[in-house]
Amino acid sequence: MTQFFLYSTVILAIIIAVPLIRVVKGPTIYDRLMGTNAIAAKTIVLITLIGFMFERIDMFIDITLAYAILGFIGILTIAKFVSTKRVDEQ
């Protein structure tokens, strides 16, 4: 079972690179926001899988919850900044 989690972790780390391309090359700010949100969601799953591998899921769940809250607040902050910037330009 540990090998399954190890392979899943490696595959998930590779899959995280796909939205990273959208974040770097995204034609609009909204594409970059969606890519950042996708990376955050996949990172939460990755941290949880690492917790299963180390058999310390209780500690890693706390880390993932804090990461999820910080990611959500970050996305809201960026979205608020973008929306106020658009209003100021008009």
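The values are calculated or read from the model by the stated rules, or taken from the named source; none is laboratory data. Quick caveat, the model's predicted, so the values are computed rather than measured. So basically every Cβ, Gly included, is an ideal-geometry build from the backbone, and we count neighbours across all protein chains shown.
Observations
- Within the stretch 20-33, one or more residues are of a type in the set (D, E, K, R) and touching an Asp or Glu at 6+ places or on another chain (Cβ under 6 Å).
- Just one of the listed residues (Leu76, Leu6, Leu49) is of a type outside the set (Gly, Ala, Ser), touching a Ser or Thr at 6+ places or on another chain (Cβ under 8 Å) and in a helix (DSSP H, G or I), namely Leu49.
- Only one of Ala17, Ala13 that is closer than 30 Å to Val82 by Cβ and touching a residue at least 12 places away in the same chain (Cβ under 8 Å): Ala13
- Taken over the stretch 37-90, the residue count meeting the criterion of being surrounded by 11 or more Cβ atoms within 10 Å (Cβ to Cβ), among the basic types (Lys, Arg) and modelled with pLDDT under 90 is 1.
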